[in-house]
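J.: Below is a structure I'd like to ask you about.
Bear in mind that the values in this text are calculations on the coordinates, not laboratory data. Keep in mind the model is a prediction, meaning the values are calculated, not measured. Cβ placement follows ideal geometry from the backbone for every residue including glycine, while neighbour counts extend to all protein chains displayed.
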Amino acid sequence: MGWTAAFAVVAVLFVLISGANDGATLIGLGLRFPRTPGWAAAALLTVVLFAGPYVLGLAVARTFTEGLAGLGTHGGAAVFLAGVVTAVAVVAALTGKGLPTSLTLAVIGGIAGAGLGAGLPVSWHGVAVVLGVGACAPLAGLVLGYLLGALSRRVPSYHRMPRLVLAAHLLAYAAQCTAYAVNDGQKMVAVVSVAVDVGRDGLGGVGPVGLSPGWMACLALLFLAGALAGLTRVGERLGRGLVIARPLHVLSAETAATGAVLGSSALGSPVSMTQSVLAGVVGVVASEGSRRVRWQAVANVGTAWLVTLPSSLALGCVAGLALRLL
């Protein structure tokens, strides 16, 4: 009963935190575009998050449960829990110091570290591939954002341009939500799936990932609640703390982030949607001149990213060792 309650609490908190970080960033960027209905942006993200795994599969969720460590053996679920708790602790500590970071990266480091400490086989090749793709995705978003930003200035203007740009924004936002559902959002599916299995079958190895529509609906609604709670804080960072975005900046940044994340999804590799979005925004604004970018805020994000992995690996290893002694 104790493990079941622990997994349930961690799963709920993890989804709420993901919503406050990832969901608020996605909705906040969408609302930077004039005349975008807030309710429509939030509803579209929630619906796509719910339906995405059923339509596009769970390849990235399986990477968390199968591709990082041998979690299928006895005690694998406890190791998974330790890795997730470690990730949340690291992200909370960095956020408290004003350094926004990647929850996805922290989960990868936490699970790998906990597996190492617990004596489970760790797929270092798989970890290296995931980290390599995760590092390339923001770089790809940066480059794509720069190119799209430069290209957008060459588009001729005429009287129907505002309507066309708004339609393009809605399409790009929908694609961005889809990219999140098929990639970064699946870390939540993995966590909730393991929690449900522990509640049903007891503590053991991590089984196949999968959620019923009822559980997916609960996940999507919790995510939405977290996103709405974190919207003001993230909107502040997107608007004034990082860069100054214009409508065409928003459209180009959404497209750049979507391209980077969907490319990673094809490899089954989880990447940070938040980091890709921020990189896309920086690339777009940099296309109009480097002085328009708030480089100190960008440096803060980069510093937190570099600190996240070693911190989560080390703390995860300690947590795994503690489990080994129980």
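J.: Against the globular-protein guess of 2.2 N^0.38 Å, express the Cα radius of gyration of the chain as a ratio, rounded to two decimals. Please list the in-between numbers first.
T.: Details: Rg = 19.3 Å, N = 326, 2.2 N^0.38 = 19.8 Å.
Taking the Cα Rg and dividing by 2.2 N^0.38 Å, one obtains 0.97.
J.: Which length gain, in nm to one decimal place, applies between Arg291 and Leu221 when the Cα-Cα distance is subtracted from 0.36 nm times their residue separation? Present the calculation step by step, with values, prior to reporting the outcome.
T.: Details: separation 70, 0.36 × 70 = 25.20 nm, distance 4.00 nm.
Fully extending the segment from Arg291 to Leu221 adds 21.2 nm.
J.: Then there's this: Take each complete run of DSSP H in the chain, measure how far its Cα atoms stretch along the helix's own axis, and keep only those covering 15 Å or more with mean Kyte-Doolittle hydropathy at least 0.0; list them. Show your work: numbers first, answer last.
T.: On the way: long enough: 2-18 (24 Å, 2.29); 38-56 (26 Å, 1.81); 76-96 (30 Å, 2.17); 103-118 (22 Å, 1.82); 124-152 (41 Å, 1.69); 161-182 (31 Å, 1.11); 186-201 (22 Å, 0.66); 213-236 (34 Å, 1.27); 247-265 (27 Å, 0.74); 273-286 (19 Å, 1.75); 295-325 (46 Å, 1.21).
Qualifying helices: 2-18, 38-56, 76-96, 103-118, 124-152, 161-182, 186-201, 213-236, 247-265, 273-286, 295-325.
J.: In addition: Report relative contact order for region 2-325 in percent, whole number only (criteria: Cα-Cα under 8 Å, sequence separation at least 6).
T.: Numbers: 581 pairs, mean separation 124.0, N = 324.
With pairs under 8 Å counted, the relative contact order is 38 percent.
J.: I need the trypsin sites (Lys or Arg not before Pro) found in region 1-69, filtered to DSSP loop residues with at most 11 other beta carbons within 10 Å of theirs.
T.: Working: sites: Arg32, Arg35, Arg62; in loops: Arg32, Arg35.
Within region 1-69, the qualifying trypsin sites (Lys or Arg not before Pro) (loop, at most 11 other Cβ atoms within 10 Å) are Arg35.
J.: Provide the FRET efficiency to the nearest 0.05 for the Asp201-Leu326 pair, computing r from the beta carbons and using R0 = 25 Å. Don't skip to the end; give the middle numbers.
T.: Numbers: r = 20 Å, r/R0 = 0.79.
That pair, Asp201 with Leu326, gives E of 0.80.
J.: Listing Ser276, Ser152 from the residue with the fewest other Cβ atoms within 10 Å to the one with the most, what is the order?
T.: Ranked by crowding around the Cβ, least crowded first: Ser152, Ser276.
J.: So if each residue of separation counts as 0.36 nm, and I subtract the Cα-Cα distance between Ala266 and Tyr54, what length gain in nm does that give? Walk me through the numbers before you get to the answer.
T.: Values: separation 212, 0.36 × 212 = 76.32 nm, distance 1.62 nm.
74.7 nm is the gain from fully extending Ala266 to Tyr54.
J.: I need two numbers for region 264-303: Rg to one decimal and Dmax as a whole number, Cα atoms only, in Å.
T.: For region 264-303, the Cα radius of gyration and maximum Cα-Cα distance read 12.3, 37 Å.
J.: What order do you get for Leu321, Leu58 when you list them from fewest to most C-beta neighbours inside 10 Å?
T.: Leu321, Leu58
J.: Related question: Round to a whole angstrom and tell me the spacing of the C-alpha centers of region 260-302 and region 1-48.
T.: Spelled out, the Cα-based centre of one part sits 20 Å from the other.
J.: So, one more: Give me the dipole magnitude in Debye, nearest 20, for the chain about the Cα centre, with unit charges on the beta carbon: positive for Lys and Arg, negative for Asp and Glu. Each step should come with its number before you reach the end.
T.: On the way: 18 positive and 8 negative charges, 232 e Å.
Rounded to the nearest 20 debye, it is 1120 debye.
J.: If you don't mind, another one. Please arrange Ser123, Ser269, Ser290 by how many other C-beta atoms lie within 10 Å of their C-beta, fewest to most. Can you show the working numbers first?
T.: Details: Ser123 17, Ser269 23, Ser290 10.
Fewest-to-most ranking of Ser123, Ser269, Ser290: Ser290, Ser123, Ser269.
J.: GNM on the chain, C-alpha springs below 10 Å: top fluctuator among Met273, Met188, Met216?
T.: Met216
J.: If you don't mind, another one. Taking 0.36 nm per residue of separation and subtracting the Cα-Cα distance, what length does fully extending Thr232 through Ala92 add?
T.: Details: separation 140, 0.36 × 140 = 50.40 nm, distance 1.76 nm.
Gain on stretching Thr232 to Ala92: 48.6 nm.
J.: Using helices alone, what [θ] at 222 nm do you get for the chain, with -39,500 (n - 2.57) per DSSP H run of 4 or more residues, divided over all residues and rounded to the nearest 500?
T.: Details: 13 runs with 244 residues, N = 326.
It comes out at -25500 deg cm²/dmol, rounded to the nearest 500.
J.: With the cut-off at 1.5 for a/c, could you classify region 249-326 from its C-alpha gyration tensor as rounded, prolate or oblate?
T.: Details: a/c = 5.12, a/b = 1.86, b/c = 2.75.
Oblate.
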